[in-house]
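In what follows, a structure is listed as structure tokens, so that the remarks can point back to it.
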Amino acid sequence: MSTDIGQESWWSTIKDEAFIREPYGQLRAWLDQGPVHYDAPSDMYFVLGNREFAKLARSPKMGRDTRLWRNGWASPEAREQNPLAYQLFSEIQPQMINVNGADHQRMRGVFEEAFRPAAIAAMAPMIEAEASQLLDAMGEGGELDFIREYAAPLPLRVVCKLFDIPSDMDEPIRRWSAAMIRVLDVITTQEQRLEAMAALQEFKAYVRSLIAERRARPGNTMLDILVAANDQGTLSDDEAVMNLVSMLIAGHETTVSLIGNGLLSLLRYPEQLQRLRANRELVPGAVEESMRFEPGGNMILRVAIEDFPVADTVIPAGALVLGLIGAVNRDPAVFEDPDRFDVGRSSNPHFTFGAGAYTCLGAALARLEGKIAFNALLDRFDHIELAGEALWRLDRVNARSLQCLPVRLGRSA
Ligand code: HEM
């Protein structure tokens, strides 16, 4: 059943600090009202039901091109009201995640082979070496911020390695990504848009120089795949640059949340951590459960290309739809005891990687990184516990990630 309950705007609630801190109670209360909701004040549709999200996310009638969103950034009114936002969104537009149909397949097709699970599996030694280096730097352990020392640097280094980017670029890429990721958030200020625009220009200039250097000195990495597609005309210059910028952002920010949020869940439920220590075959399941329980991305968007019937609602063409993944992943119609964190969960159809044509291209890589990150940490330290309050970032709505995760690590003699 769809719901439209009077004046309360879900959109305002979603931006509340209390909701950002702990969204799950509210999400369940909303889901109990129905799997699909039209929020009249914001003119958006929210999907909370797992089965309904699956149907919608997998349908070719639902795209990701926000230029088709009738009241969105590309509408004449919005363009006049906020030219800076229009310019920003126009600049980031030419990439696979922002286009529909044949254009999407053309761009995604460039990378699909390189992201196959078998190709990704070959990266395990490289990821293990990076994890090991970070753990070496922790020495005997003690108290430290797990995000700063491990969860954040590991995925960034890994994605940079895919594109042959040297480690002295980690810091600028981290900074540009942090500024850029705000553009996609719903609580962006005009000042942050200006910062994002400056970061985007620097980021694009760097990526352009990377592509030009590689063209002069070819190699055998994902960067070469991108350059070849550009040379053959499969990707335009703008598309080559923006797909790479976006991959560098998407490829690390989300995986930081997988490792950070995942460890927090394990520390909040120490009996689950014990189970994992006792049986490492549970690690792949623990990675899935971490993503279900505390997904790093809270919202997955679609824009209706055609009218789309779901539950007892018809979502009209041009409407913006947001899948609220925190609800979708805890839908009691699909998950047994959904609020229980269970590393041994047998059926786990979460949607943290989205679904359908746009399913995360890097899912196999992220899963592998998660497995290696947890295994290497457990191998190195016998004792892992919270050493203070874990702080959620409150400045972002779309992404749910930790600012700080203080832990105490120790080894037996
Ligand atoms: C835990 C880590 C990750 C999460 C939670 C995540 C999540 C997502 C989500 C939700 C989408 C959109 C799916 C949809 O709309 O249905 C997506 C798309 C994408 N992701 Fe990831 N991602 C992760 C890691 C990565 C990594 C490591 C890479 C690459 C290095 C990557 C590259 C991409 C790309 C290129 C797309 C666009 C796919 C398309 O448009 O067809 N992601 N991801």
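The values are calculated or read from the model by the stated rules, or taken from the named source; none is laboratory data. The shown structure was predicted, so the numbers you read here are calculated from the model rather than taken from an experiment. All Cβ positions, even for glycine, are placed from backbone atoms using ideal geometry, and neighbour counts span all protein chains on display. When the accessible area is computed, the model is the full protein with side chains, heavy atoms only, and any ligands, DNA or RNA have been set aside. Shrake-Rupley method; radii C 1.70, N 1.55, O 1.52, S 1.80 Å.
Tabulated data for the structure shown
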{"quantity": "Cα centre as origin, Lys/Arg/Asp/Glu Cβ charges: the stretch 147-298 dipole, Debye", "calculated": "320 debye"}
{"quantity": "Computed Kirkwood radius, in angstrom, where 1/r is averaged over Cα pairs of the stretch 4-51", "calculated": "11.1 Å"}
{"quantity": "Under 12 Å, Cβ to Cβ, from ALA114 - net charge with Lys/Arg +1 and Asp/Glu -1", "calculated": "-1"}
{"quantity": "Loop GluC sites (Glu not before Pro), the stretch 77-169 (other Cβ atoms within 10 Å of the site Cβ: 14 or fewer; DSSP)", "calculated": "GLU140"}
{"quantity": "Computed magnitude of the charge dipole of the chain (debye, nearest 20; Cβ of K, R +1, Cβ of D, E -1)", "calculated": "600 debye"}
{"quantity": "Protein accessible area in the chain, 1.4 Å probe - carbon and sulfur %", "calculated": "52 percent"}
{"quantity": "Most positive-pole-ward Cα, TYR269, ALA178, ALA216, against dipole of the stretch 2-410 from beta carbon charges", "calculated": "ALA216"}
{"quantity": "Rg/Rh for the stretch 36-154, where both radii come from Cα atoms and Rh is the Kirkwood radius", "calculated": "1.12"}
{"quantity": "Trypsin sites (Lys or Arg not before Pro) within the stretch 311-406: DSSP coil, no more than 16 neighbouring Cβ in 10 Å", "calculated": "ARG340, ARG393"}
{"quantity": "Cα-based Rg / Dmax (Å) for the stretch 113-210", "calculated": "16.2, 45"}
{"quantity": "Cβ-based charge dipole, the chain, positive-most Cα from ALA229, VAL321, LEU56", "calculated": "ALA229"}
{"quantity": "Average Cα contact separation per residue, the stretch 2-410, under 8 Å, 6 or more apart, as relative contact order %", "calculated": "26 percent"}
{"quantity": "Full-stretch length increase - ALA333, ASN82 - with 0.36 nm per residue and alpha-carbon distance subtracted", "calculated": "86.2 nm"}
{"quantity": "Cα-Cα separations in the stretch 2-410 greater than 42 Å, expressed as whole percent", "calculated": "10 percent"}
{"quantity": "Mean accessible surface per residue for the stretch 286-327, computed with a 1.4 Å probe while every protein chain stays in place, in Å²", "calculated": "24 Å²"}
{"quantity": "Estimated dipole of the stretch 89-154 in Debye, rounded to 20 [Cβ of Lys and Arg +1, of Asp and Glu -1, Cα centre]", "calculated": "480 debye"}
{"quantity": "Extended-chain gain in nm, criterion 0.36 nm per residue less alpha-carbon gap, SER12 and ARG268", "calculated": "89.2 nm"}
{"quantity": "The stretch 313-390: GluC sites (Glu not before Pro) in DSSP coil with no more than 14 other Cβ atoms inside 10 Å", "calculated": "GLU336, GLU389"}
{"quantity": "Span-like helix ranges in the chain, DSSP H, alpha carbon extent 24 angstrom or more, Kyte mean at least -1.0", "calculated": "190-216, 237-268, 363-380"}
